[in-house]
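The values are calculated or read from the model by the stated rules, or taken from the named source; none is laboratory data. All of these numbers come straight from a predicted model, not from anything done at the bench. For neighbour counting, all protein chains shown are included, and Cβ atoms are generated from backbone atoms with ideal geometry for every residue, glycine included.
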Amino acid sequence: MGGCTYIYRYNSMPKHKVLSDFSLLLFVFQFLITPLINSALINEMMFVTTTMLVIAFATKESLIIKILNLSTIQFVGRLSFSIYLLHHMIIEYTDSFVFSILLTLFFSYFYHMFFEVKMYSKYKNKIHLRYRINIKSKVIT
C-alpha cells in the first residue's frame, strides 16, 4: 500500500483541501475507536489505510503538512530510528511512562549524533550511488 501511495503522490499532487482534511479527520477518529475494537488485524488495517489516505491527499496548505513542518516534529523525526531502536529496552527497565519517554529521547539524541550522523556522513556517497531509483525518468535519491 505504501508503494502505491508513493507512486500516486509522486505522479499527481492533490489539489482538494477537503480530501486532505477529511483524511486527517479519519486518522484521528481511528485512534479514538481503536480501544473499542478487539481485533488487532482490523486495528492495523485501519491504521495503514488512514495513514495512506493522509499521505495521498495532503496538500501544501493542509493542517497535517503544517504540523509536520513544526521544528519539534522535525527533530523527533530525525531521531525516529534511534527511538525505534532504544525505546523497548528503556521501557523494560523503567516504571514511569513519562520518565521512559524522557530517557528514550535523551539516549536517542546521543545515539543519533554519535552513530547515525557520523556513519551517514562517512558513507553517504556510497549509499546515494547504490540506491538511486528511476521512475519515469525522474531520479529520486
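One table, with the values for the structure above:
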quantity	calculated
Verdict on THR49 being among the hydroxyl-bearing types (Ser, Thr, Tyr), part of a helix (DSSP H, G or I) and more than 30 Å from MET113 (Cβ to Cβ)	yes
Test for ILE33: is it more than 21 Å from THR5 (Cβ to Cβ), assigned by TED's automatic domain parsing to the domain that holds SER12, touching a helix residue (DSSP H, G or I) at 6+ places or on another chain (Cβ under 7 Å) and modelled with pLDDT under 85	no
Pairs, first over 12 Å from PHE27 (Cα atoms) and of a type in the set (S, T, N, Q) in the stretch 43-66, second modelled with pLDDT of 85 or more and loosely packed, with under 14 Cβ neighbours inside 10 Å, C-beta under 9 Å, six or more apart	none
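The rows are residues; the columns are (1) part of a helix (DSSP H, G or I); (2) at pLDDT below 80.
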| residue | (1), (2) |
| --- | --- |
| THR5 | yes, yes |
| ARG9 | yes, yes |
| PRO14 | no, yes |
| LEU24 | yes, no |
| ASN38 | no, no |
| ILE42 | yes, no |
| MET45 | yes, no |
